[in-house]
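K.L.:
Got a structure for you, questions after.
The values are calculated or read from the model by the stated rules, or taken from the named source; none is laboratory data. As the structure is a prediction and not an experimental result, all values here were calculated from the model. In this analysis, Cβ positions are derived from the backbone assuming ideal geometry, glycine residues included, and neighbour counts consider all displayed protein chains. Just the protein is used for accessible areas: all its heavy atoms, side chains included, with ligands, DNA and RNA removed. Shrake-Rupley method; radii C 1.70, N 1.55, O 1.52, S 1.80 Å.
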Amino acid sequence: MLTYTVGSSKQRQKVSTMEVEEKIQNLWQELRDLSLGNPPKVDHLRTPPTPLQFLRDYVNPNKPCLISAATHHWPALSLWPSTSYLWDTLSSTPVSLHLTPTGRADSLTPHPTSPSSLCFASAHVQTLPFEQALDRVLESDSKQVSYLQEQNDCFRAEYGALSRDCEEDIPWASEALGCRPEAVNLWIGNHFSETSFHKDHYENLYAVVTGEKHFLLLPPTDFHRMYVREYPAARYQYHQDTGEFTLELEDPIRVVPWSSVDPYPLHEEIQREFDKFPLYFDGPKPFEVTVKAGEMLYLPSMWFHHVRQSPDNSGLTIAINYWYDMRFDIKYAYFNFLQSIPHSPRKDPASCKVINLESSFSGSACNSGDESDITESLPNPNNVRDDSDGEMDELCYKPDCISGVSQLGIF
């Protein structure tokens, strides 16, 4: 049995793997009972909140909400469904187009030289005049998927001609958070594009203009259910002459911590995926939220989210999101602590090695890697070493910290 030595040198307590896992799983339910209602749900606000209400009821408790009538005054809602308006307004403006063979960029796919393992694949990116790029999006099929997006403040950098059609920030959010958005991004795609489970270190206001976005949400407390692993980074290369894609590993080699869970496995792979990721499939269900045109989702920092989309009659889904800097406060510190706690997903806990928790605790003995968004990995100053003989470096933490996470109610 895997055990942990908890406490000072004068007084120690043996805690079994099963007890640690039980406490972590209790945390999943406690968060839902205490913060998200009974039964747990995402609040649906009929009108935008006041700055005070937004800060007090949603930002501080790290709690999502869906807001109706948030953008009904935007000209974009009546103008952007018209592809002719977009063509005329943006014309030959150069924009970034992301190309993949599956519609799943920034996600896991079979390794190019070892198909039995996985790698983290990014899209091939081309810069094209908008009118050509939009045609490519509309022509997407199951073998070649184009998506207009670039997570680098692309709305202000590439789509400035559309700025008069919407707000440059969300006034009530800017007042509540005490800052303007760090980045504003535009997304133009269709049902072929899908975003895998990940999280961002931003307070995210996500507004749909045309079509619908379908979110699966999990709170930061559910980190261990995401089966985060480190995968070698690769990038698709699109060959214009043949219309084919190749997948090439980055050189020098880089690894990306990423969730291993696909919430929608193929029918023939369902049982295998359930067996591989029982904490996800057997745990509390993720929150399902559909954001329709004119609605806005507040997605709190560090919440895991998976996104699918449905187009409107023109064949497009268009959304714009506002990233506000998150506060790196006690919630962030506790999340770092939580993700450092070893939590074995094995069905037979006795197969794990014994670990003495005696020095600084910052790694995981049973999962590899910290989760992060693509651009910024969480700090992990004291890495856990997995030696060839299977023994692990010594780790420790202060007594009662696991239960303290839930008692403070900060997630």
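K.L.:
Considering the range 49-73 alone, what residues qualify as being open to solvent by 10 Å² or more (accessible area, probe 1.4 Å), more than 24 Å from the chain's Cα centre (by Cα) and touching a residue at least 40 places away in the same chain (Cβ under 8 Å)?
P.N.:
Correct list: Thr50, Pro51, Leu52, Ala69, His72.
K.L.:
Scan the strands (runs of 3 or more DSSP E) fully inside the range 177-253 and keep the ones with 3 or more residues being touching a helix residue (DSSP H, G or I) at 6+ places or on another chain (Cβ under 7 Å).
P.N.:
Values: elements: 183-189, 195-198, 202-210, 212-218, 228-239, 244-249.
Answer list for the range 177-253: 183-189, 202-210.
K.L.:
Where the second residue is assigned to a loop (DSSP other than H, G, I, E, B) and open to solvent by less than 60 Å² (accessible area, probe 1.4 Å) and the first is among the polar types (S, T, N, Q) and lies in the range 75-95, which pairs have Cβ atoms under 8 Å and are six or more apart or on separate chains?
P.N.:
Close Cβ pairs (under 8 Å, with a partner that is assigned to a loop (DSSP other than H, G, I, E, B) and open to solvent by less than 60 Å² (accessible area, probe 1.4 Å)) amount to Ser82/Ser314; Thr83/Ser314; Thr83/Leu316; Thr93/Tyr159.
K.L.:
Tell me which residues, restricted to the range 271-297, are assigned to a helix (DSSP H, G or I) and among the aromatic types (Phe, Trp, Tyr).
P.N.:
Step one: list which residues in the range 271-297 are assigned to a helix (DSSP H, G or I), which gives 271-276, 278-281.
Phe274, Tyr280, Phe281, listed by residue number.
Okay, residues lined up against (1) open to solvent by 10 Å² or more (accessible area, probe 1.4 Å); (2) of a type in the set (Ser, Thr, Tyr):
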site: Ser193; (1), (2): no, yes
site: Leu205; (1), (2): no, no
site: Gly211; (1), (2): yes, no
site: Leu217; (1), (2): no, no
site: Phe223; (1), (2): no, no
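K.L.:
Condition first: surrounded by fewer than 17 Cβ atoms within 10 Å (Cβ to Cβ) and touching a residue at least 40 places away in the same chain (Cβ under 8 Å). Now tell me which residues in the range 24-48 satisfy that.
P.N.:
Filtering the range 24-48 for residues surrounded by fewer than 17 Cβ atoms within 10 Å (Cβ to Cβ) gives 26, 29, 33-35, 37-41, 43-44, 46-47.
Selection gives Asn26, Gln29, Leu34, Ser35, Pro40, Lys41.
K.L.:
Regarding Ala319, is this residue among the small types (Gly, Ala, Ser), under 25 Å from Asn26 (Cβ atoms), more than 16 Å from the chain's Cα centre (by Cα) and not in a loop (DSSP other than H, G, I, E, B)?
P.N.:
On the way: among the small types (Gly, Ala, Ser): yes; under 25 Å from Asn26 (Cβ atoms): no; more than 16 Å from the chain's Cα centre (by Cα): yes; not in a loop (DSSP other than H, G, I, E, B): yes.
Against the criterion (among the small types (Gly, Ala, Ser), under 25 Å from Asn26 (Cβ atoms), more than 16 Å from the chain's Cα centre (by Cα) and not in a loop (DSSP other than H, G, I, E, B)), Ala319 does not qualify.
K.L.:
Check Leu128, Leu134, Leu186 and return the single one that is closer than 24 Å to Ser314 by Cα and open to solvent by 10 Å² or more (accessible area, probe 1.4 Å). First the steps, then the outcome.
P.N.:
Details: Leu134 fails: open to solvent by 10 Å² or more (accessible area, probe 1.4 Å); Leu186 fails: open to solvent by 10 Å² or more (accessible area, probe 1.4 Å).
Just a single option satisfies the conditions, and that option is Leu128.
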